[in-house]
Amino acid sequence: MNIRDAKCVDAKRIRAFVLALAAFAWLGLACHAEDRKLQKRVPPVYPELAKRMHIGGIVRVQATVAPDGTVSDVKILTGNKLLSQAAEEAVRKWKFAAGDSESAVNIDISFDVSN
């Protein structure tokens with residue numbers, strides 16, 4: 001094995017280690033999500049344009065919850081673009097029970113045209 005081959009093997013090992021570390025970090029966030037109880041839920045404001053166009057459905061978001069229970073980040077996973085911003089704005093105002101660490105929680109926000 002020459003020096004070039006050794007560097008290639010080391011780079012592959014480092015890359016594998018970093019990927020494994022990232023996977024464990026992601027799993028650590030997901031594990032704590034079940035422990036977080038919702039304390040304050042703010043309903044979304046139905047966008048007027050979506051109402052007039054009779055657009056409804058479910059927007060799925062992933063909320064990152066800080067140790068103090070506040071929502072520190074929201075990522076839209078699926079849903080109609082007209083409804084997504086309203087769902088994100090509402091979830092940012094939610095409050096969860098305090099926990100030991102940051103956690104990720106998947107939330108479905110339903111927009112019903114008939115209401």
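The values are calculated or read from the model by the stated rules, or taken from the named source; none is laboratory data. All values derive from a computational prediction rather than experimental measurement. For neighbour counting, all protein chains shown are included, and Cβ atoms are generated from backbone atoms with ideal geometry for every residue, glycine included.
Taking the options Ser110, Ser101, name whichever one is part of a loop (DSSP other than H, G, I, E, B), more than 14 Å from the chain's Cα centre (by Cα) and among the polar types (S, T, N, Q).
Only one candidate qualifies: Ser101.
The conditions are (1) surrounded by 15 or more Cβ atoms within 10 Å (Cβ to Cβ); (2) of a type in the set (Val, Ile, Thr); (3) at pLDDT below 95, and Val18 fails exactly one of them. Which is it?
It fails just one condition, (1).
Of all residues in segment 32-80, which are β-branched (Val, Ile, Thr) and under 15 Å from Ser103 (Cα atoms)?
Val61, Thr64, Val65, Thr70, Val71, Val74
Which members of segment 32-61 meet the condition of being in a strand (DSSP E or B) and surrounded by fewer than 17 Cβ atoms within 10 Å (Cβ to Cβ)? If you could, list the steps in order and put the result at the bottom.
So in segment 32-61, the residues in a strand (DSSP E or B) come out as 38-40, 57-61.
Matches in segment 32-61: Leu38, Gln39, Lys40, Gly57, Ile58, Arg60.
If only one of Ser103, Ser114 is modelled with pLDDT under 95, surrounded by 15 or more Cβ atoms within 10 Å (Cβ to Cβ) and small (Gly, Ala, Ser), which one is it?
Just one listed residue meets the conditions, Ser103.
Do we have Ser84 as within 17 Å of Gln39 (Cβ to Cβ), surrounded by 12 or more Cβ atoms within 10 Å (Cβ to Cβ) and either small (Gly, Ala, Ser) or in contact with a strand residue (DSSP E or B) (Cβ under 7 Å, 6 or more places away or on another chain) (or both) here?
Taking the combined requirement at face value, the residue does not satisfy it.
Give the residues of segment 87-98 that are surrounded by fewer than 18 Cβ atoms within 10 Å (Cβ to Cβ) and under 13 Å from the mean Cα position of the chain (by Cα), sorted by residue number.
If the condition is that a residue be surrounded by fewer than 18 Cβ atoms within 10 Å (Cβ to Cβ) and under 13 Å from the mean Cα position of the chain (by Cα), then Arg92 is the only one that fits.
For (1) in contact (Cβ under 8 Å) with a residue 12 or more places away in the chain; (2) of a type outside the set (D, E, K, R); (3) out of contact with any helix residue (DSSP H, G or I) (no Cβ under 9 Å at 6 or more places or on another chain), each residue gets a yes or a no:
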{"site": "Gln62", "(1), (2), (3)": "yes, yes, yes"}
{"site": "Ser72", "(1), (2), (3)": "yes, yes, yes"}
{"site": "Ile76", "(1), (2), (3)": "yes, yes, no"}
{"site": "Gly99", "(1), (2), (3)": "yes, yes, no"}
{"site": "Glu102", "(1), (2), (3)": "yes, no, no"}
{"site": "Asn106", "(1), (2), (3)": "yes, yes, no"}
{"site": "Ile109", "(1), (2), (3)": "yes, yes, no"}
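Residues of segment 62-94 being out of contact with any Phe, Trp or Tyr (no Cβ under 6 Å at 6 or more places or on another chain) and assigned to a helix (DSSP H, G or I), which ones?
Selection gives Lys81, Leu82, Ser84, Gln85, Ala86, Ala87, Glu88, Glu89, Ala90, Val91.
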